[in-house]
1. Taking the range 170-201 as the region of interest, how many residues are in a strand (DSSP E or B) and not assigned by TED's automatic domain parsing to the domain that holds D263?
2. Would you be able to say whether some residue in the range 237-259 is of a type in the set (G, A, S) and within 24 Å of T321 (Cα to Cα)?
3. Of (1) at pLDDT below 90; (2) in a strand (DSSP E or B); (3) of a type in the set (V, I, T), V322 satisfies all except one. Which?
Amino acid sequence: MGNSLPVESKFTFEEENDRIKYVVSSMQGWGEKMEDAHAAILNLDDATSTSFFGVYDGHGGAEVALYCAKQFHIELCNHEDYHNDLINALDNVFLSMDENLQQSDAWRELVIPHDNGCMYFLKAGVCAKPFPQATYTGPAYEGSTACVVVIRGNQMIVGHVGDSRCVLSRQGGLAIDLSFDHKPCTRTESERERVQNAGGRSLGLRCEQVMGNYVVKEQWVLGDFGGGVTISRSIGDFAFKKNKDLDREKQMLVCDPDILADDITDDMEFLVIASQGLWSCVDSADVVSYIHDRLSVEGAELRVICEEVVEFGLASGENTTVILVQFKPGAFQYQLVDPAGFGTAVSNIASTSAAPAGASDTSDEGVMADSCATADTSGSARAESGELVPTPSANNTVTDEVDPTGTVAADDKVDPNSSANADADDGAPKPSLGAVIESDEVALDATATGHQVAVRQQEEFDPKKCWICGKGYKKILLEPSSARARNPLLAHAKTCESEDKKAKKKITKYMMKANVTNQYH
């Protein structure tokens, strides 16, 4: 926070196709400068019906977030598994982005205007050639979160590091977190232990008051170094990743993402992808409830609603960026393009391989620092042997702000196969069970998120509320600690045990009835 008055002007852009409509809006707020960035690309390539959305919340400067917004989706398109194993491709891109930042400072050319290179060379110290040049180590205290959503056909993948968050609204305004903040104080015990074992120590909780609202944060530092972080995973921040005695995955900060994949079903209404500026002020349930209620009003505009949600973040004292993705009713029921592109972890359909895609050339619209960009829907492709693949452009160089996007007509390259989930016993659709991939130390079912298992168990055992405190099942699902459990109701009841001496007998009785012993953590 560094301004006497907040910057309340907003950048807002909207776009739609036959499947989805999205609006992105961002505001600097009380922040001294804009460090958020985002990428919103409706058609990522011509060969597959793929959309990409990413929110990047920078800290220590805007450059890493800007680089992610310009390059992340390009790295994804260029990955060899982009067509035949999208989950693996997305997982690897998080690591490759970190490696790109650490190898050399060439990445800065994408985010810093240079005036024919003169300012860049002056900044790099070319005039001071006689002095020995220090070994490049990457941005020490500059970093960024990343929360990205890739939609292909009727399936979506969510990958994230840090505390930018993606939340799904199911029918009726039920909020379901598709990502969980990577923070030592709120993540799993193993996450906190990793940070501590790498030399991190907590400075304790600090409370900030902004516009009459109190925001509580826990800040961590590495040893006695100055500067601290409030997250446990990020892209960049190499001062917290350089312990030579530890492997990469055991450093204080890591860039290993949590990745979740799931089918898009008719009961899904919209996604909210936002930076911490929003989530530090309001919780997921309140945001989803507000948007759901506003959408139910006749004539409500998605653009206006998104800007209203951005204003909630003003009280945080931080930048706020929100991408609101609305699923069009019935649009995903019969659209499935190359389901094998999600890998065997998501689909039982046999995998088919395709040639890796190169980045196609467009302008840098749609990929931006949240202060000055728009979305891009143009691209180039060519037909070879009956297949359309993105092709490299003539000016595909580091200094060119390439963006491999393309426009796919509503009736082009669509495989009319249904992927709606239905049980054989009754034929009625039920909540789909997505796959949690690379989720660090979170004891979830191999094919379902905590929320989805909870819904399934609610249907089987029909527990409407906690038998100890009386809290409703829907509210229990919104508790972070309960939501990550395999049986949220049982996990919540355990927390009530100390308040009721008879709780243990009741819990044991329920466990025997439901046959879910040790299904919570």
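1. So the answer is 2.
2. no
3. Single failed check for V322: (1).
So that you can scan it fast, the table gives a plain yes or no per residue for (1) at pLDDT 90 or above; (2) crowded, with 24+ Cβ neighbours inside 10 Å; (3) within 16 Å of the chain's Cα centre (by Cα):
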| residue | (1), (2), (3) |
| --- | --- |
| V24 | yes, yes, yes |
| E35 | yes, yes, no |
| S49 | no, yes, no |
| C77 | yes, yes, no |
| D85 | yes, no, no |
| F94 | yes, yes, yes |
| N100 | yes, no, no |
| S104 | no, no, no |
| I112 | no, no, no |
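The values are calculated or read from the model by the stated rules, or taken from the named source; none is laboratory data. Computed from a predicted model, the values in this text were never measured in an experiment. Using ideal geometry, Cβ is built from the backbone for each residue, glycine included, and neighbour counts are taken over all protein chains shown.
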